[in-house]
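Inspection log for the structure reproduced underneath, given as structure tokens.
The values are calculated or read from the model by the stated rules, or taken from the named source; none is laboratory data. Treat the numbers as computed from the prediction; the structure is a model and nothing was measured. Every residue, glycine among them, receives a Cβ derived from its backbone with ideal geometry; neighbour counts consider all protein chains shown. Please note that ligands, DNA and RNA were not included when accessible areas were found on the heavy atoms of the full protein model with its side chains. Shrake-Rupley method; radii C 1.70, N 1.55, O 1.52, S 1.80 Å.
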Amino acid sequence: MSFEFDVITLFPEMFDAITKYGVTGRAWERQIYGLHTWNPRDFTNNNHRTVDDRPYGGGPGMVMMAGPLEEAIVAARTKQITYGIDKTKVIYLSPQGQLLDHKMVVELSQLSGLIILSGRYEGVDERLITRQIDEEISIGDYVLSGGELAAMVLIDSMVRRMPNVLGDPESANQDSFVSNLLDYPHYTRPEVYQGDSVPEELVSGDHVKINRWRLQQALGRTWLRRPDLFALRTECKMTIEEKELLREFKETYETKQNDVK
Ligand code: ADE
């Protein structure tokens, strides 16, 4: 049984971006996961298929009404039950949610399905959130025009970790954040580009040297660019080799900085 995503959205076609292209497109064709969309407009009972109204208390924009959203969620729940999906959650994507990170992606992947609400306009009626939503998730501290792109970010991050999705099963394990490290730099042909050469370690053919160089770059970049992530790799969790590689990286970095001055 594949993982089932049921997405409540006013713009179902947007999800072609993941079901039709690249890694997530191939995984969808191979039925590694299912993705079904539910349009709240199909759950309205007025001629205009209205799903939004003005906010109580005034202010700009419109608010999505609870009724059509709740009916769409209930329909999606019923479908998931019919499919035998027992472990599921209803997620609402919004800037007010908890920030999405690798740990959450792994936890959500333990379920067998998700119902994802992508909102539009100023937001959704709070009573719908209280009644139906298990978790509110944000993909970052900025505001998008709707939850669809955020839903696709969440789905993509989960699908790429599913078995047999990536050609090389090791790829997902080597992704950044699995071990709280940023990725090392990558190079391909030509060996010299505009006078700039590939680091000699990578063309040495010596795999111990290559792995050492990559680990050093990953440690160094994390230290430089993401001190918050680096703090999670406390001193005691670092091996002697890692400490030495980082010491060497910092030394080279500081020498370069002084040369510039
Ligand atoms: N909808 C609008 N902005 C969002 C964000 N930053 N994360 C999740 N959903 C959103």
Probe 1.4 Å, all chains present, heavy atoms only: Trp223 accessible area in Å², nearest 10, is 60
Suppose accessible area is computed on protein heavy atoms with a 1.4 Å probe; arrange Thr82, Thr50 from highest to lowest.
Thr82, Thr50
Ellipticity estimate at 222 nm from DSSP helix runs (n ≥ 4, -39,500 (n - 2.57)) divided over the chain, nearest 500:
-12000 deg cm²/dmol
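Inverting the mean 1/r over all pairs of different Cα atoms, compute the Kirkwood radius of the range 54-138 and quote it in Å.
Details: mean 1/r = 0.0718 Å⁻¹.
Computed over Cα pairs of the range 54-138, the Kirkwood hydrodynamic radius comes out at 13.9 Å.
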Given points 7 Å out from each Cα along the Cα-Cβ axis, report the Ala75 to Tyr56 separation in nanometres with one decimal.
2.7
Stokes-Einstein D for the chain (4 °C, 1.567 mPa s, Kirkwood Rh from Cα pairs), in µm²/s, comes to 60
Accessible surface of His207 - all protein chains present, 1.4 Å probe, nearest 10 Å²
130
Carbon/sulfur fraction of accessible area - the chain, other protein chains in place, 1.4 Å, %:
50
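Please report the antiparallel percentage of DSSP beta bridges with both residues in the chain, rounded to the nearest 5.
Values: 4 of 27 bridges.
Antiparallel bridges: around 15 percent, rounded to the nearest 5.
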Using a Gaussian network model on the chain with a 10 Å cutoff between Cα atoms, which of Lys79, Lys209, Lys89 fluctuates the most?
Lys209
Helix 148-159: angle to the longest alpha-carbon principal axis of the chain, degrees 0 to 90, nearest 10?
60
Expressed as a rounded percentage, what relative contact order does the chain have, with Cα pairs under 8 Å and six or more residues apart?
17
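Can you sort Arg212, Arg120 by solvent-accessible area, 1.4 Å probe, largest first?
Working: Arg212 90, Arg120 45 Å².
Sorted by accessible area, descending: Arg212, Arg120.
Take the Cα atoms of the range 184-261, build their convex hull, and give its volume per residue in Å³.
Numbers: hull volume 9.0 nm³, N = 78.
It comes to 116 Å³ per residue, whole-number rounded.
Leaving ligands, DNA and RNA out of it, rank Ser2, Ser145 by accessible area with a 1.4 Å probe, largest first. Working shown, then result.
Values: Ser2 30, Ser145 100 Å².
Ranking Ser2, Ser145 by accessible area, largest first, yields Ser145, Ser2.
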In the chain, if the dipole is taken from +1 on Lys/Arg beta carbons and -1 on Asp/Glu beta carbons about the Cα centre, which of His48, Leu35, Gly97 is farthest to the positive end?
Leu35
Per residue, how large is the accessible surface of the chain? Use a 1.4 angstrom probe and give square angstrom.
61
Note the angle between two axes, namely the Cα long axis of helix 207-225 and the longest principal axis of the Cα atoms of the chain, as a number of degrees from 0 to 90, rounded to the nearest 10.
60
Given unit charges at Cβ for Lys, Arg (+) and Asp, Glu (-), the dipole magnitude of the chain about its Cα centre in debye, nearest 20, is 120
